[in-house]
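Novice: One structure follows; several queries about it will come next.
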Amino acid sequence: MAGSVRREAETDGVDTAVRELLLLMPRMIGRVKRIPVPEALESLSLAPRHLSLLACLLFDGPLTVNDLAARLEVAPTTVSLMVGDLSGKGVLDRREDPADRRRRIVAIAPDQHEAIAAWLAPGAEAWRRVLTPLEPAQRRLFVDTLLAYEAAVAEERGR
């Protein structure tokens, strides 16, 4: 049975696509890792989760901790810890929500905004350039495929 499944996959070009992607993904990750951290942020030891948080704030503007948690798909306590860490380092500002004084609005600190934008914008622009020619359904398929791949890898690795 496994042999016939393998032959079907090969005739559909799945193995060829898998080979291409296995070669492509390390190159992409390598390029991303070589993007230099702005001098103003070098000493902050930023982790990938910090980059996701900063990207949300850069592209969506100031948000509450709960809004950030929902967008990052993590617990609000996790976001609170990250925000506390980055606020302490002067990367983020927290202020009262004028609509509800119990909530805090989180934003990139004004003096860090330019460095963070310069750092993250080229990646966003590259995505815009390759996604713009696609139809909305094609973009959705591409994003859904990457999400499914991430989930499959996590499942294979036992999380």
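The values are calculated or read from the model by the stated rules, or taken from the named source; none is laboratory data. Remember, predicted model here, so these are calculated numbers, not experimental data. Positions of Cβ are backbone-derived with ideal geometry, glycine not excepted, and every protein chain shown enters the neighbour counts. The area values use the complete protein model at the heavy-atom level, side chains included, leaving out ligands, DNA and RNA. Shrake-Rupley method; radii C 1.70, N 1.55, O 1.52, S 1.80 Å.
Novice: Spot the failing condition for Lys89; the list is (1) open to solvent by less than 70 Å² (accessible area, probe 1.4 Å); (2) closer than 14 Å to His50 by Cβ; (3) at pLDDT below 95; (4) not acidic (Asp, Glu), and only one is missed.
Specialist: (1)
Novice: So Arg157 clears everything in (1) surrounded by 10 or more Cβ atoms within 10 Å (Cβ to Cβ); (2) modelled with pLDDT under 90 except one condition, right? Which one?
Specialist: (1)
Novice: Now for a separate question. Run down Pro98, Pro26 and say which single residue is at pLDDT below 90 and surrounded by fewer than 11 Cβ atoms within 10 Å (Cβ to Cβ).
Specialist: Working: Pro26 fails: at pLDDT below 90.
The unique qualifying residue is Pro98.
Novice: Now, a different point. Looking at the stretch 58-73, which of its residues are open to solvent by less than 60 Å² (accessible area, probe 1.4 Å) and free of Cβ contacts under 8 Å to residues at least 40 places away in the same chain? Explain how you work it out, then say what you get.
Specialist: Taking the stretch 58-73 and keeping what is open to solvent by less than 60 Å² (accessible area, probe 1.4 Å), we get 58, 61, 63-65, 68-69, 72.
Within the stretch 58-73, Leu68, Ala69, Leu72 meet the criteria.
Novice: Using the structure shown, decide if Asp111 is of a type in the set (Asp, Glu), modelled with pLDDT of 90 or more, surrounded by 11 or more Cβ atoms within 10 Å (Cβ to Cβ) and not in a helix (DSSP H, G or I).
Specialist: Values: of a type in the set (Asp, Glu): yes; modelled with pLDDT of 90 or more: yes; surrounded by 11 or more Cβ atoms within 10 Å (Cβ to Cβ): yes; not in a helix (DSSP H, G or I): no.
So Asp111 does not fit the description; no.
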